[in-house]
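Every read-out reported here was derived from the displayed coordinates using simple, explicitly stated rules and does not represent laboratory data. Worth saying up front: this structure is predicted, and the values here are computed from it rather than measured. As a convention, Cβ positions derive from the backbone with ideal geometry for all residues, glycine included, and neighbour counts pool all protein chains shown.
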Amino acid sequence: MSFADCELWFVAGSQEMYGAATLARVEAQAIEVARAIDDADAVPSRVVLAPVMTGADAIRRLCLDANASEACIGVIAWMHTFSPAKMWIAGLTALQKPLLHLNTQFAATLPWAEIDMDYMNLNQSAHGDREFTYMATRMRLNRKTVVGHWRDQRVLGRIGTWSRAAFGWHEAQRLSVARFGDNMRRVAVTEGDKVEAQMRLGVSVDGFGVGDLSDAIGGAPQDDVERTLLSYEEKYALVPDLQRDGARRASLVEAARIEVGLRALLAGGGYGAFTDTFEDLHGLTQLPGIAVQRLMADGYGFGAEGDWKTAALVRIVKMMAAGLPGGTSFMEDYTYDLTPGSEKVLGSHMLEICTSIAEGRPSCEIHSLSIGNRDDPVRLVFTAATGPAILLSLLDLGDRFRLVANEIDVVEPDADLPRLPVARAVWKPRPDFFTATEAWLQAGGPHHSVFTTALSTEVVVDWAAIAGIEAVVIDAETRLRPLANELRWNAAYYRLAQLT
C-alpha cells in the first residue's frame, strides 16, 4: 500500500441535547476542518469525514468499522462541543487503530463584541476536549495530542507527522521478513524473540535455507538478467573491468542473476524485508552486494548477518518516509575518528548501503571482501550526502523492545577514501561524540542501525508510542545523568505496565 491508498478517519463529537440546528452547524464546520486537513501538503494520506458522533452505539460502530477497514490507518477525534465521555468508553475500548486527539476550535479569533451564550454553547472545544481526554487518560489509551488551530501549518505538520507513524504501524502489521540462513553465529544482538515481535509489532519472520535462494538465482530468466545489466549501465559508473568485454564482466552478470532471483523469491512470497549472512552462502558464488543495495533503494528492508529486527525497521522507516526528500539505509557504526575537537564516526558495511542516501552517481566496482570464502562481490561505492539525519536501532531486552534514536549531522570525510571500496557515511552525533556514544552504549544500542535523512525524530517516537514500546532519544539536549535515570524509570514502568 501507499499513502494514496490509506485513510485517516476524522470524527467530531457532540451530543443530541444541542438540537438539530446546532448539530447541522457542527457537521458543516467538521466538513471544512476535515477538508483542510485532507488538502494539506503535510498530510500524505486521505482524510475521510465520519458522521458527527452523538451516541455510544454510533461511536462503537464507527470504531469497529475502523478496525475492519483495510484502508483506515488511524482515527482523528475532535470534540467540537461538549460530548459526554462515558458514551465513548465502549468505542475507545474496541478501537485498535492509532488515535490522534485534535484539540482545536473552528474560529481562530474570538469575536469579542458578539459572544453570547449561543456562541459559547457551539464553540466549546476547550470544554469538550478536556472531557474526552480525561476519559482517554483514565482508560490509559495510547494517543497523540495536537493542540492549535486547524489551519495552522504547525498543527497540520504534526498531524502529517503522526499520519506517517500510523502508516508505519499499518505496514508493520502486514510485514513479513525473509531470512536466508540463520543469524551470524555466536552473535547476541541480532537475536530476538520473533514470536514477541509478531505479537507486539505485527512483524512475521520466515526462515529459508540458502539453497532456496540458490535455486531462485539458478532459475533467473536470461531476459531479466539482461534488463538488469542494462539498468546497471544506465544508472552507475561501471569500472572498466565490469563494462562490456571487461575482464570481470562475468561477475557483474552473476550479480545481476542474484538480483533477479532474489527479487523473484521476495515478490513471490510477499516479503517486504530480508536478511542474509556471509556465513551461510551455500550455492552462491558471491555475497549479494549490488542486489541488496538496489532492493533497498526500491523500498525493501535489509539487515545483515540475519538481523531481522533491523531489516524490519529499515522497511518501516522507508514506508513512513515515502514522498519525502532524503533516503534511508541499513548502516553500521564501523570506526571512530578521535582527533581532539573533531571526533566523528565512519559508518559503513561490507557491501549493503542503500543508494538513496548517496551524494552523486554511485560507482559500480568489484573488490575482494576477504571474508565469506566466495568470489569477489560487485557493489556500489559512494559517500552519503551531508545534512541532518537520525540513527535508529531496535533491540530486544528480553522483557520488552526498545527503540534508540540518535540525531546526527552527516559531514564530508576529512579526506578522500581511495582504498575503502564500499559505500560509507561520516557523521558527528548530537550533542557531542562522547555524550552521544556513551548514551547509546548505556541504552544498549547495537552496532546495526537504520540511517535516515528523510524522517524527523517525532515520527519515529510517534511510531514507538503507537506500538507501545520504549523510545530513548539522544539529541542536542541529552545529558548522561538524566538519561541514566530515564533508563531506570523506563525499566520500572514497562515491567509494571505488563502487570496491569
Going fewest to most other Cβ atoms within 10 Å around each Cβ, Met139, Met320 line up as Met139, Met320
Quick one: Phe382, Phe451, fewest Cβ neighbours within 10 Å first, how do they rank?
Phe382, Phe451
For Val472, distant residues with modelled amide H under 5 Å away:
Leu403, Val404, Ala405
For region 28-134, which trypsin sites (Lys or Arg not before Pro) are in a loop by DSSP, counting at most 11 other Cβ atoms within 10 Å?
none
Region 381-411 to region 34-58: how many Å between their Cα centroids?
33
Out of Val472, Leu141, Leu242 - ranked by how far each Cα lies towards the positive end of the dipole of the chain, with unit charges on the beta-carbon of charged residues - the top one is Leu141
So how much slack lies between Asp38 and His149, counting 0.36 nm per residue of separation and subtracting their Cα-Cα distance, in nm?
38.5 nm
On Cα atoms only, tilt of 249-269 relative to the major axis of the chain in degrees:
30
Contact order normalised by length for region 78-160, with contacts defined as Cα pairs under 8 Å and 6 or more residues apart; what percent is it?
46
Dipole check, the chain, charges on Cβ (K,R +1; D,E -1), about Cα centroid: among Ala197, His101, Asn406 the Cα furthest to the positive pole belongs to His101
Among His282, Thr386, Pro431, whose Cα sits farthest toward the positive end of the charge dipole of the chain (+1 at Cβ of Lys/Arg, -1 at Cβ of Asp/Glu, about the Cα centre)?
Pro431
Using only DSSP helix segments of four residues or longer, with each worth -39500 (n - 2.57), what per-residue ellipticity at 222 nm results for the chain after dividing by its residue count and rounding to 500?
-12000 deg cm²/dmol
What order do you get for 284-294, 234-244, 202-212, 485-495 when each peptide is scored by the mean count of other beta carbon atoms within 10 Å, highest first?
284-294, 202-212, 234-244, 485-495
Using the Cα centre as the reference, give the magnitude of the dipole from point charges on the C-beta atoms of the chain (Lys, Arg: +1; Asp, Glu: -1; all else neutral), rounded to the nearest 20 debye.
1040
About its Cα centre, region 3-172 carries a charge dipole, from +1 on Lys and Arg Cβ atoms and -1 on Asp and Glu Cβ atoms, whose size in debye to the nearest 20 is 660
Expected sort for Arg379, Arg25, Arg158 with the fewest Cβ neighbours (10 Å cutoff) up front is Arg25, Arg158, Arg379
Enter the Cα centre distance for the pair region 252-311 and region 448-474, rounded to the nearest angstrom.
25
Could you state the angle between the C-alpha long axis of helix 20-39 and the longest principal axis of the C-alpha atoms of the chain, as a value from 0 to 90 degrees rounded to the nearest 10?
20
Do you know the Lys pair count in the chain for C-alpha distances under 17 Å, with sequence separation 8 or more or different chains?
4
Rounded if a/c is under 1.5, else prolate if a/b beats b/c, else oblate: with a ≥ b ≥ c from the C-alpha gyration tensor eigenvalues square-rooted, which is region 3-172?
oblate
